[in-house]
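The values are calculated or read from the model by the stated rules, or taken from the named source; none is laboratory data. All values derive from a computational prediction rather than experimental measurement. In this analysis, Cβ positions are derived from the backbone assuming ideal geometry, glycine residues included, and neighbour counts consider all displayed protein chains. Note: accessible area is taken over every heavy atom of the protein model, side chains too, but ligands, DNA and RNA are not part of it. Shrake-Rupley method; radii C 1.70, N 1.55, O 1.52, S 1.80 Å.
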Amino acid sequence: MRKFNIRKVLDGLTAGSSSASQQQQQQQQHPPGNREPEIQETLQSEHFQLCKTVRHGFPYQPSALAFDPVQKILAVGTQTGALRLFGRPGVECYCQHDSGAAVIQLQFLINEGALVSALADDTLHLWNLRQKRPAILHSLKFCRERVTFCHLPFQSKWLYVGTERGNIHIVNVESFTLSGYVIMWNKAIELSSKSHPGPVVHISDNPMDEGKLLIGFESGTVVLWDLKSKKADYRYTYDEAIHSVAWHHEGKQFICSHSDGTLTIWNVRSPAKPVQTITPHGKQLKDGKKPEPCKPILKVEFKTTRSGEPFIILSGGLSYDTVGRRPCLTVMHGKSTAVLEMDYSIVDFLTLCETPYPNDFQEPYAVVVLLEKDLVLIDLAQNGYPIFENPYPLSIHESPVTCCEYFADCPVDLIPALYSVGARQKRQGYSKKEWPINGGNWGLGAQSYSEIIITGHADGSIKFWDASAITLQVLYKLKTSKVFEKSRNKDEKPNTDIVDEDPYAIQIISWCPESRMLCIAGVSAHVIIYRFSKQEVITEVIPMLEVRLLYEISDVETPEGEQAPPLPTPVGSANPQPIPPQSHPSTSSSSSDGLRDNVPCLKVKSSPLKQSPGYQTELVIQLVWVSGEPPQQITSLAVNSSYGLVVFGNCNGIAMVDYLQKAVLLNLGTIELYGSNDPYRREPRSPRKSRQPSGAGLCDISEGAVVPEDRCKSPTSGSSSPHNSDDEQKMNNFIEKVKIKSRKFSKMVASDIAKMSRKLSLPTDLKPDLDIKDNSFSRSRSSSVTSIDKESREAISALHFCETFTRKTDSAPSPCLWVGTTLGTVLVIALNLPPGGEQRLLQPVIVSPSGTILRLKGAILRMAFLDSTGCLVPPAHEPWKEHNVPEEKDEKEKLKKRRPVSVSPSSSQEISENQYAVICSEKQAKVISLPSQNCAYKQNITETSFVLRGDIVSLSNGICLACFCANGHIMTFSLPSLRPLLDVYYLPLTNMRIARTFCFTNNGQALYLVSPTEIQRLTYSQETCENLQEMLGELFTPVETPEAPNRGFFKGLFGGGAQSLDREELFGESSSGKASRSLAQHIPGPGGIEGVKGAASGVVGELARARLALDERGQKLSDLEERTAAMLSSADSFSKHAHEMMLKYKDKKWYQF
């Protein structure tokens, strides 16, 4: 097939070219008289568009914090240049600075709907928050100075910018241009001072006199600068470095925090020495000596109240002898000092006050503390300072996320059911007040369907989230580790662990929303099946099965049971017999020589287990050690509530369990599944010397017999013909080369990937694709990250229960399991289920492998089935019902209960309706017509990369295949014809986390973990993209600014009270002149014109539009002027370099060059 790489594929052209190639295929694969019936496909390329919707979770690596006390909006900046804005619960926004430089400070233009951000690359940016997606209006890049601190007084348009050199520049926030007024460091400090005062660490104006500016230098010098007279009024010196400064609201005192853990309080008019020196955490010595130095106090705030003592709030300052003590926030109020311990280190904190005016009693009511991995809000008005319950979804990373699943269009009763059981898990002891950050307004939720995200975590917990209408809220948390015994002390680690840490980490989640059955696979090769119940139960004995799944060969002595059999003697009969419901007979235990055998990795609790309402353990299945060899991690998992079956596989084989009868039905090595039809020539290998990953090649192509990929029919004619010796010799030489190359690569990559992935497996691993020829199968990836450099084995990579045609001769669909492997083979296992009711629990389920259906290039990722009209056939399921109810009520139900099927009943004789199987692998997709097993359509998805995730999803009354490739492309294909509909380069695979968590779901939704703490949601639906603007919340809402504090009669009469300053007169161009052009460069933002466009409506619309056109023209002209200046400077520097070169080489002879 032709590969389409255009963003929007023109339907007419595509339909023509793809139909032509499909006709060609059909002619190859079907006799002319046996054409596939045409299915009308509703999806066209105009239904698709890709855009990011929302980002949820805690801002990764936070670095700055700001709050607008009137709008009640919180802003958080990060080290990667991200900006997160929080209003009321459900109103959140994410923006990104293009440079990616760290945000060092944020300043709101209070109640103006704007925000200034200062970045580590010495740029300042003005953000417009009056639009749903904030944008930058202006930027200013400092060329010769490093920005260290900014201050914007309330209701002022002049921003003070302190620098590393100790100077202060002033920026007009409206035009984002520099004033000519500069405070130079040498003017600010005393002339007698011999040393540089260090960078500016603080700027603030006196709350009572805007004309006086307090400047704090890092060395310990503080200067009160008179802006009008352009000289220093007072200088305050202290011999310890300063970290922060804060005013008392009356403007007569200020407080400094220092690097030795002290606080100094100064009277403005007494610069000689501080009025008071406090060491909050220092041990007071009796002899009147100075207390022992403590850690630096990184920040202090000084807040007053009308009716009592002021609050002094600080972070840091702990004594050096408190080793291992957690970071603390200290609240000093009168004579009481409260030390509040935090879980993570403190990045910044802010005190929330009733008034935005700095010259009024502050009346603090809460402290917002930004920690490295959390956001905490402390209630200052309640005794004991309780914290507020955080309504934002910031706990995604409470334990690292290891896997993720996304379900859109869930049954409507699911979210209320999960919420009701989750509500009982809430912690007590929170503040009784409402969450105080409550700015903004919710968007209009255009979506009517419910969405659920499930996250699996490293500690074995699973969280269910309500993700409807682009919000996120935790519903319920399940701890899967509760069923296992935990070691009492850290030294007593069970020696059966196959992972060093996080033995309960979740790898795979399989969930049936209709029946509410949940099944998980963990990193210690364990599977747990859960039922949902609203009743609390006490389970006396936890039901448990142990499965011995090994890669076994017959009649060859092998201590590790790991070799592949020679071709003529595969294990398992050529004609598969019905297997009775019992464990597969395992080889005799070889524990006599001290090798661990038949031991699971984790120990299930033997004591009774109290199970709260919610998900309750139905069955625990564990793979066991085999002859000293640990069980391999599980690579695929599926559960079916209608059949009562769970199935899972790894690189050794496949196991099926009847969870109703608690019996193992099937336990087969991968090779045994093939029976006599094994197409691969598997040579016996010698036992491995070491059991640890050893840096052997990432792949092993020696097994790969060349099989034509165009053969879509089941290869039932027997095994492939043997090679002749010459070919074999060439092949082996080639393989050796490949092995050497892959060995080098694996040594480099294995350790990094193992670290990144927290030892979790993917459907397949990241590794170079090593296809031998175009028509050979890619056998290039191992099955799990831990065994990335083990010999390549065929792992089970996809499992799908369905009711379909298992053989070509079938006249009616029947229950079966489709199995996909990492070598691209699809096999089928037929299921013979007993009748429902009592019989289901008494009679055995009979399973029989039915051989190979087809092969694809690359590992199989996903399978689904369509009916003859092209609609998705969901796997059979049972509706949920409460199973913890007394027997009597349940008897009638049991009699009525029949196994529901999702296809038409077989009693009707007209069952000639066919089905389509849709199979997606890492490289290609095929649609197979059933029961004929003919390949109806084929699409090569990628030649040079591989698909990481493929999902068959429904979107606006149609079905499509959505794929995410390792090269960063997101693609969709129509079904059943596999026409390309969308191909967009979205993001390259930069780490394993994206690969492990990316998933598509119905209605054009998708998500992945963009950082260890954040989920990024995106849509590939045109309709959602168009409605997104309505769905997003408003950050800015019109609010009246509170009235300024009353000066009072006597203050008005005798002077005093707040002194105002005409800053315009002082800093404007007329009095201070123009700033040096080379000092900073103004960059108009992309949001500048947008912001004006939004305002250009109403009565003055036409005038505004005319002005806008001029603005745009002016903007273009200024761009041109800047470009010309840049070209001149580059020409100048070039001539300078040329001149230097000429001088350098002028006197050298040609042979000296």
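Here are a few things to note about the model shown:
- Residue within the stretch 66-89 that is more than 27 Å from ASN1027 (Cα to Cα), out of contact with any Pro (no Cβ under 9 Å at 6 or more places or on another chain) and part of a strand (DSSP E or B) present: yes
- Looking at SER345, SER431, just one residue is open to solvent by 30 Å² or more (accessible area, probe 1.4 Å) and under 30 Å from GLU301 (Cα atoms), and that residue is SER345.
- Selection status of ALA408, small (Gly, Ala, Ser), within 30 Å of the chain's Cα centre (by Cα) and modelled with pLDDT under 95: yes
- Filtered residues of the stretch 168-188 (kept if in a loop (DSSP other than H, G, I, E, B), of a type outside the set (S, T, N, Q) and open to solvent by 10 Å² or more (accessible area, probe 1.4 Å)): GLU174, MET184
- PRO59 falls short on exactly one of the conditions (1) open to solvent by 20 Å² or more (accessible area, probe 1.4 Å); (2) in contact with a Gly (Cβ under 9 Å, 6 or more places away or on another chain); (3) not in a strand (DSSP E or B), and that condition is (1).
- Applying a threshold of 7 Å to beta carbon distances and a minimum spacing of six or more residues, or different chains, the list of pairs starting in the stretch 338-355 at a residue that is among the polar types (S, T, N, Q) and ending at one that is open to solvent by less than 60 Å² (accessible area, probe 1.4 Å) and part of a strand (DSSP E or B) reads SER345/LEU371; THR351/GLU301; THR351/LYS303; THR351/ILE313; THR351/PRO364; THR351/VAL367.
- Number of positions in the stretch 910-963 that are more than 30 Å from ARG993 (Cβ to Cβ), of a type in the set (Val, Ile, Thr) and either free of Cβ contacts under 8 Å to residues at least 24 places away in the same chain or surrounded by 20 or more Cβ atoms within 10 Å (Cβ to Cβ) (or both): 2
Residues checked against (1) open to solvent by less than 30 Å² (accessible area, probe 1.4 Å); (2) free of Cβ contacts under 8 Å to residues at least 40 places away in the same chain:
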site: HIS196; (1), (2): no, yes
site: VAL200; (1), (2): yes, no
site: ILE203; (1), (2): yes, no
site: TRP225; (1), (2): yes, no
site: GLU250; (1), (2): no, no
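- Annotation note: of THR337, THR330, the sole residue that is more than 30 Å from TYR530 (Cβ to Cβ), in contact with a Leu (Cβ under 8 Å, 6 or more places away or on another chain) and of a type in the set (Ser, Thr, Tyr) is THR330.
- Which listed residue is of a type outside the set (Phe, Trp, Tyr), open to solvent by 10 Å² or more (accessible area, probe 1.4 Å) and closer than 30 Å to LYS132 by Cβ, from PRO391, PRO411: PRO391
- Residues of the stretch 434-450 that are modelled with pLDDT under 95 and either open to solvent by less than 30 Å² (accessible area, probe 1.4 Å) or in contact with a Ser or Thr (Cβ under 8 Å, 6 or more places away or on another chain) (or both): GLY439, GLY440, ASN441, GLY443, GLY445, GLN447, TYR449, SER450.
- Residues in the stretch 604-624 that are on the phi < 0 side of the Ramachandran plot, surrounded by 15 or more Cβ atoms within 10 Å (Cβ to Cβ) and not β-branched (Val, Ile, Thr): 11 in all.
- In the stretch 295-321, the residues that are touching a strand residue (DSSP E or B) at 6+ places or on another chain (Cβ under 9 Å) and among the polar types (S, T, N, Q): THR304, THR305, SER315, SER319
- Residue identified as farther than 18 Å from PHE648 by Cβ, crowded, with 17+ Cβ neighbours inside 10 Å and either among the small types (Gly, Ala, Ser) or modelled with pLDDT of 95 or more (or both) among SER533, SER510, SER487: SER533
- Evaluating GLY220 against the criteria (1) free of Cβ contacts under 8 Å to residues at least 40 places away in the same chain; (2) surrounded by fewer than 19 Cβ atoms within 10 Å (Cβ to Cβ); (3) at positive phi leaves one unmet condition, (2).
- Condition check for VAL323: modelled with pLDDT of 95 or more and either open to solvent by 40 Å² or more (accessible area, probe 1.4 Å) or within 35 Å of the chain's Cα centre (by Cα) (or both): no
- Checked against the criterion of being over 17 Å from the mean Cα position of the chain (by Cα) and among the aromatic types (Phe, Trp, Tyr), the candidates TRP465, TRP442 yield just one match: TRP442.
- Identity of the residue in the stretch 991-1006, open to solvent by 10 Å² or more (accessible area, probe 1.4 Å) and in a loop (DSSP other than H, G, I, E, B), that ends up farthest from GLN507 (Cα to Cα): ASN1003
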